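Notes follow once the structure below has been shown.
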2 protein chains.
Amino acid sequence: MSFKFETGLGAKHGMNLKELASKLGLSPTTVSRALNGYPEVNETTRERVMAAAKRHNYRPNTRAIRLATGRAMAVGHVIPIATRHEIVNPVFADFIAGAGETYSRNDYDMVLSVVPDDQEEDTYRGLKSKGNVDGVIVHAPRMNDARIGLLHEIGLPFVVHGRATGTTLPYSWLDVNNRRAFRRATEFLLDLGHRRIALVNGLEFMDFAIRRRAGYGEALAARDIALDPTIMSSDEMTEIAGYKAARRMLASATPPTAFLCASMISGMGMRRAIEERGLAMGRDISVIIHDDDLSYMKNGEDLPIFTATRSSVREAGRQAAEMLLDLIAHPGAGPQQRLLEAELIIGQSTAPAPKA
Amino acid sequence: MSFKFETGLGAKHGMNLKELASKLGLSPTTVSRALNGYPEVNETTRERVMAAAKRHNYRPNTRAIRLATGRAMAVGHVIPIATRHEIVNPVFADFIAGAGETYSRNDYDMVLSVVPDDQEEDTYRGLKSKGNVDGVIVHAPRMNDARIGLLHEIGLPFVVHGRATGTTLPYSWLDVNNRRAFRRATEFLLDLGHRRIALVNGLEFMDFAIRRRAGYGEALAARDIALDPTIMSSDEMTEIAGYKAARRMLASATPPTAFLCASMISGMGMRRAIEERGLAMGRDISVIIHDDDLSYMKNGEDLPIFTATRSSVREAGRQAAEMLLDLIAHPGAGPQQRLLEAELIIGQSTAPAPKA
DNA sequence: TGGCGCATCCAAAGCGGTTTGGGGTCGATT
DNA sequence: AATCGACCCCAAACCGCTTTGGATGCGCCA
């Protein structure tokens, strides 16, 4: 009954199709077609309808459209909150911003689900069977990521941001060429004369970290330098983790002269460790980071602070979203892949290896 | 016609209420009521229905529920992308994560709209009239923020994260006591003997920045110290901005001995400027930051890197979302407000003022 | 024994759009 | 003059659920 009241009062609830149609002396059918650009309506009628729609500020009810068409006009991003280490990936913000721009332009909604990681599978199944979204973006793929098989099984279109080593199923992804980027960065340090190059990597169950490590390994192998596990670490990409890894390695008997580091944030922690030790980054110790080009964490202005492999995660978001919308629009077409190359930006944090 | 195919094939499209009902030999009415816990259904029947629903993996179609009930079961977060300075606020990620936890628990969807800031008003109007959401969270309020009046006008429930000085309308908000936090921090520095205390603030059309400046001013005034505009800056809270502000101030004839800084990220830039000058933070120069307790940017572990005013933005997200859901559930009730106090955490970045 | 009330269940009318399957009109064709 | 297409438009079904307004049956009391 309170419902009756609301819809009764409802001057506020806005014009609907039926009202608009009767105001125009037309049928809802015709009005709907006129507004949606169908050909079987007279052009002058269409203009009359369009004008009236604007005048009365008519906006079709999304809920009704969704039910009638069977499309959600929305895509989902499932953000798992690790129950163990509660890290909110700092690149999410920029990726989401990029993807969101694409969605806005295409009149799609973006729905975010933040769920404990043990409920992730259930969330995907629900998203599909309850019909909340037409597709999803898969974040932070791991090796042999189970989500790919799952999404295949339930038949929900998806694009992976990154790749999942070990998966045989075909699927759509957009990734940065992490292997090549880290190989180039390592070669760059080698060319500067460095021989003890440390790798401060992300967590190695994350696919991107595996690829970065591979690129690093390739470059060293090509110069016949053996991997040294004592100067290779793998951890979350936080300031603290970068600090601790660098501090530990610098304290060793044979410290590295250069660092390769997975993110700008951990790079800042590394710098802290370096300076705490009375050394100078870019003189005593060289550092190369991977720069996601986060808007709140620009790597300097004219002169970059860090030498870096750079690839905009915001742009990745834009493009991944476009791929997904395309997949949704053309369900027949096969999976799409796109590999972005990172630039190598020379900044102030690298220098020739000190004479031994 | 391709539609026919899909729904024709659609073993996949899942069980719906009608099918389930006929399988049970019951009417849709009864099944609906059984599942939604209405009293006018026999307990044994209810159990039979529940069991069948689980067995057939029935999940009610969200789109239909939304249309039938008139509720969106979703809340919106509008994230304006400033056309001038394209900064994605780094605290969004954590705030969103916190809010998202609350939504997940309550079976609400979170829909994010990333829009150019000149389309913000239109976005809110659309969200309301198209019925996409039941309420919204307003981010990053400014002085005399126009959104508050707008949302009042269009009748969309909302909670502001922060406050908007100058607004006379009553509205719901959740904020940190920024004024008191910065006043305490300033007093702390004063007690350590500092007299030239710089303020590296956020952009001062942002409400929180105004309040922080007020707290800073109060503390100085209480000790009869005049404000000195040359050691007060106001800019985006990026690493670069912090660096530049600190560098400029340190280069002056009468540099500050202490800094009050709006964020951990700009604090890291300040540290860079300090060390670049051959000074040590926490010895030559004291620094206090505001710490939003971002998960990827922890302020040290046992021993905090920075002395800081701390307040978890993730927790703020959780609570703001709860307030909003409460507002939506009880449209009659008046606006709610909640003021969170920040802790003052003593870290390694502060020390007594050097003897002049 | 007739009637009342309670416990259960159902048919049908929404919700607000889209889409199907015609149905007039009218000028052109034969 | 009858036929035939365009061309425009409409009535009604439908999407999958909720909710209203009964209907049915049964125990129980006067």
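Each reported figure results from applying straightforward, stated rules to the coordinates on display, with no laboratory input. Fair warning: this is a prediction, and the values are worked out from it, not measured in the lab. Ideal geometry is used to build each Cβ from the backbone, glycine not excepted, and the neighbour counts take in all protein chains shown.
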Taking A:A226 in one copy and the same position in all the others, each labelled 7 Å out along Cα→Cβ, what are the pairwise distances from the first, in nm, shortest first? 7.0
Shortest-first distances to equivalent copies, position B:H330, nm, label 7 Å out along Cβ: 5.4
Comparing A:M297, A:M237, A:M206 in a Gaussian network model of chain A (Cα, 10 Å), the one with the largest mean-square fluctuation is A:M297
Most fluctuating residue of A:A185, A:A21, A:A198 in a GNM of chain A with Cα springs under 10 Å: which is it? A:A21
How big is the gap, in Å, between the Cα center of region B:273-316 and the Cα center of region B:29-45? 56 Å
Computed lengthening from B:N57 to B:L192, 0.36 nm per intervening residue step minus Cα-Cα distance: 42.1 nm
Sparsely packed GluC sites (Glu not before Pro) within region B:234-276, loop by DSSP, other Cβ within 10 Å at most 14: none
Could you state the number of Å between the C-alpha centres of region A:225-272 and region B:88-139? 38 Å
In terms of the charge dipole of the protein assembly as shown, which places +1 on Lys and Arg and -1 on Asp and Glu at the beta carbon, the residue among A:M50, A:A253, B:S234 farthest towards the positive end is A:M50
Dipole magnitude (debye, nearest 20) for region B:143-238, charges at Cβ of Lys, Arg, Asp, Glu: 280 debye
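Classify region B:230-297 as rounded, prolate or oblate from the Cα gyration tensor: take a ≥ b ≥ c as the square roots of its eigenvalues, call it rounded if a/c is under 1.5, otherwise prolate when a/b beats b/c and oblate if not.
Prolate is the answer for region B:230-297, as a/c is 1.5 or above and a/b outweighs b/c.
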Work out, step by step, the length gained on full extension between B:A253 and B:T69: first 0.36 nm times the residue separation, then minus their alpha carbon distance; give nm to one decimal. 59.5 nm
What length, rounded to one decimal in nm, is gained on full extension from B:L344 through to B:D118, with 0.36 nm per residue of separation minus their alpha-carbon distance? 77.6 nm
Just check region A:178-311 against the gyration tensor rule for me: Cα atoms, a ≥ b ≥ c as the square roots of the eigenvalues, rounded for a/c under 1.5, and otherwise prolate or oblate depending on whether a/b exceeds b/c. rounded
Summing -39500 (n - 2.57) over every DSSP H run of at least 4 residues in chain A and dividing by its residue count gives a helix-only mean residue ellipticity at 222 nm, to the nearest 500 deg cm²/dmol, of -13000 deg cm²/dmol
Applying the span-like rule to chain A (DSSP H, Cα extent along axis at least 20 Å, Kyte-Doolittle mean at least -0.5) gives A:91-105, A:207-222, A:313-329
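So which chymotrypsin sites (Phe, Trp or Tyr not before Pro) in region A:170-220 pass both tests, a DSSP loop state and at most 14 other Cβ atoms within 10 Å of the Cβ?
Sparse-neighbourhood loop chymotrypsin sites (Phe, Trp or Tyr not before Pro): A:F205.
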Chain A, Gaussian network, Cα under 10 Å: of A:Q319, A:Q336, A:Q119, the residue fluctuating most is A:Q119
Taking r as the C-beta separation of B:N106 and A:K355 and R0 as 56 Å, the FRET efficiency to the nearest 0.05 is 0.30
Relative contact order, percent, of chain B when contacts are C-alpha pairs under 8 Å separated by at least 6 residues? 17 percent
Gyration tensor on Cα atoms of chain A, a ≥ b ≥ c root eigenvalues, a/c under 1.5 rounded, else prolate if a/b beats b/c, else oblate, says prolate
One would report the antiparallel percent of DSSP beta bridges in the protein assembly as shown, rounded to the nearest 5, as 15 percent
Using a label position 7 Å from Cα in the Cα→Cβ direction, what is the ascending list of nm distances from A:T165 to the same site in the other copies? 5.3
Mean separation of Cα contacts under 8 Å, 6 or more apart, over the residue count of region A:178-311: relative contact order %: 24 percent
